[in-house]
Every structure is written in C-alpha cells, then in structure tokens.
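Report on the structure given below.
The values are calculated or read from the model by the stated rules, or taken from the named source; none is laboratory data. All values reported here derive from a predicted model rather than from experimental measurement. Using ideal geometry, Cβ is built from the backbone for each residue, glycine included, and neighbour counts are taken over all protein chains shown.
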Amino acid sequence: MSARLLPSSIIAGMLELAARNQISTETLLREAGINPDMIGDEQAYLTEQQIGGMMFNLYTKLEDPAFGLHLGSSVHRSIESIAGDFFSSAENLRQAFQKLVLYQDLLIPFAELELLESSEYVDICMERYPGSFEELMKSENNMGLYVIANEIISSGVWSTAEKFLSKEFGLISAHFRHSKPTYTDEYEVIFKCPVFFEQEKNFLRIERDLFDKKLYSALPAIHKKAEQQVEQQLRKLKKSETILNKVREFVREHISDEHLSLENAAKQLHMTGRTLQRALRMEDTSFIDIRDNIRSELSMHYLQNTEMSIEEISEHVGFSDASGFYTAFKRWHGVSPGSIRKPD
C-alpha cells in the first residue's frame, strides 16, 4: 500500500473546530501520533492515517450529528493556509475552481471534483475517493461516513469560496445523494439556498454568469506568483511521497532479512543513512516505525488469511524468536496473536 502524504497545514480546520469547542488541540494531536511542533512548519507532512486518526478522535469527542458540515465550514482555514492568495486573487470563480480541480491532491485530497456546465448554470460536482473515509476513520458504518464525507467536502468547498465572494454571489441550489437528515436547518445556514436530498449526484449549482463574473479581489500578478508557490508545494509533496513509498517497498521486500536496516535502505535510494533519517523525520516517522507498521500489517494478514503457524509468521516478518513477536504483536494490536485465529 502506498503511503500518501499531505501538508501538515491540512488539519488547520480541525484544530480550529476543536478549539472552538473547548477541546485541547495538543491532546488531540498527540492522540493521533502527531508532534505539535510540526504545526506551522511548511516542510512537514502527515500521513493519511494520522489525519484520519485525528478526524476520528475529534468526531467521537464532539458527538455532533452535523460534524461533517461544521468541520467542512472550518476547512477553509486549511485551504487558506496552503493557498489563500491563490484563490483570493483569481480572475473569477471559473479560474478558482478549475485550479481547485487541478490541485485537489494538495488542497482537497479526499475528494474528486468535476465541473459540468449548461447554457444557464455550472454544477460543481463532488464525490469522495471510494473507501478513503472508511479506512481513515476505522468504521464500518459506510452510510454514516458517506454522509459525513459529503458534508465535509461540500461545505468545505463553498465556505472557502464564500471567503472571497461579494454579496451578489450565491448558490441556486445544493444537491445530495444521501437521505434528508434531522438537522436540515444547518444546511440552510451554510449554503443559503434550497437543499435537495436523495439526488442522483452531489453538486452545488451556480449561475453561469456569476461563475464567469470578475471578482473584486482579482490580482493577476499575485495569482501567477501564488500558483507557482502551490506548484512548488505539490512537487515537494510528491517527492516526499516517493521517498516514503520507496522505503516502504524496500522494507516489505526485505522484511524477513536479518540485515534489514536504515543503512541498507539508504544505499538502495542512493543516499546516506543520515540523509534518509532526516527525510523520514521531516514526515514525522522513522525507519523503525515503517518497519514495525509493515510487520504489524503482514502478521495480521498471515494470521487471518493463511494457515502458517505463529512461529512461521514470526520468522517471516523478521523476528529471531517467537517470544519477541508475541510481545510486539500485543503492543501493536492489544491482543495476542493466538486470539486472532478463528476456532476450527
């Protein structure tokens, strides 16, 4: 599985929502395995698992039925922290949203955006990446997560747009696939337009003339410079993803090798051990963390899907003796390896 990275500033909206509800942001970060010192560091990146863990913790602490809408309304903080000037200086909404689609891996990483046009209006269509929220928030409640995902994406997109729009801009309507919830008044507060449920797709509809109307905040020179900065951030992100994924691939291929080490991985990547260690530290991880995560994943897979003995699994994932494997497995999963095996 490839490790996907995102800028640490992507969680700015979650931090704002937590603070607004008197939840300790430092505690929230540490519970998700995120070093608070990373916040504000433009060179720092987080994994999807860290972001998902923080989202899940915040969701359970708030116990808010409209969690998705309220988090989405704070998402503009995340986008502004990464590319505020980029959007506020756009020529019109068309340019802003076309670029949002282009750079969505950086700005709205869990969504697929598409613009569909007619002679009278433009539909801003939105869908979450299949499986992303289920995996991130560790839940089997697919329908509940589907609603949360729709709400985060749609309210996040529109709340961001509203920050640099004048009063004449507004939506014609908002459409959602999911059923009508009990808190529809929250939708009306955020979207300020008629809202329809049980539709064929998720989209926000706006007049085409408004979509092409020049924004009062348009600054072409600033926009060009800001776009260059966004592109640079995206290149850095892809480079970091490449390094982390290559290390994971190396570890997975050599997991049973007793000589598996940071130094050997660095040689494979044509860099020094110190350089690789520093690169991984910038992603708030380490070679040991990557090795143990893969050991954990593989051992659980073998226990659930093969008839290999625990001793064989122990050796296959790189342990010299079964007792060390037992201790590590219980630390990773909170239970013994034997308890995972289904009874005959």
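One residue stands out in segment 11-41 among those that are within 16 Å of the chain's Cα centre (by Cα) and of a type outside the set (A, V, I, L, M): the one that is nearest to H76 (Cα to Cα), namely G13.
Tell me which helices (runs of 4 or more DSSP H) are completely within segment 166-277 and hold 3 or more residues being closer than 27 Å to N92 by Cα, or say none if there are none. Walk me through how you get there before you give the answer.
Numbers: elements: 184-191, 208-211, 220-253, 262-268.
Because the criterion is at least 3 residues that are closer than 27 Å to N92 by Cα, the helices (runs of 4 or more DSSP H) in segment 166-277 that meet it are 184-191, 208-211, 220-253.
Would segment 65-77 turn up any residue that is touching a residue at least 24 places away in the same chain (Cβ under 8 Å), farther than 30 Å from E114 by Cα and surrounded by fewer than 19 Cβ atoms within 10 Å (Cβ to Cβ)?
So in segment 65-77, the residues touching a residue at least 24 places away in the same chain (Cβ under 8 Å) come out as 65-77.
Retained after the next criterion (residues that are farther than 30 Å from E114 by Cα): none.
There is no residue in segment 65-77 that is touching a residue at least 24 places away in the same chain (Cβ under 8 Å), farther than 30 Å from E114 by Cα and surrounded by fewer than 19 Cβ atoms within 10 Å (Cβ to Cβ).
Based on this model, can you work out whether E151 counts as at pLDDT 75 or above, closer than 23 Å to A12 by Cα, among the charged types (D, E, K, R) and under 17 Å from the mean Cα position of the chain (by Cα)? Yes; evaluated as a whole, the condition is true for this residue. Within segment 250-269, if we keep just the residues that are free of Cβ contacts under 8 Å to residues at least 12 places away in the same chain and touching a Ser or Thr at 6+ places or on another chain (Cβ under 9 Å), the residue that is nearest to I288 (Cα to Cα) turns out to be E263. Highlighted here are the helices (runs of 4 or more DSSP H) found entirely within segment 1-114 that include at least 1 residues which are hydroxyl-bearing (S, T, Y): 25-31, 48-62, 67-88.
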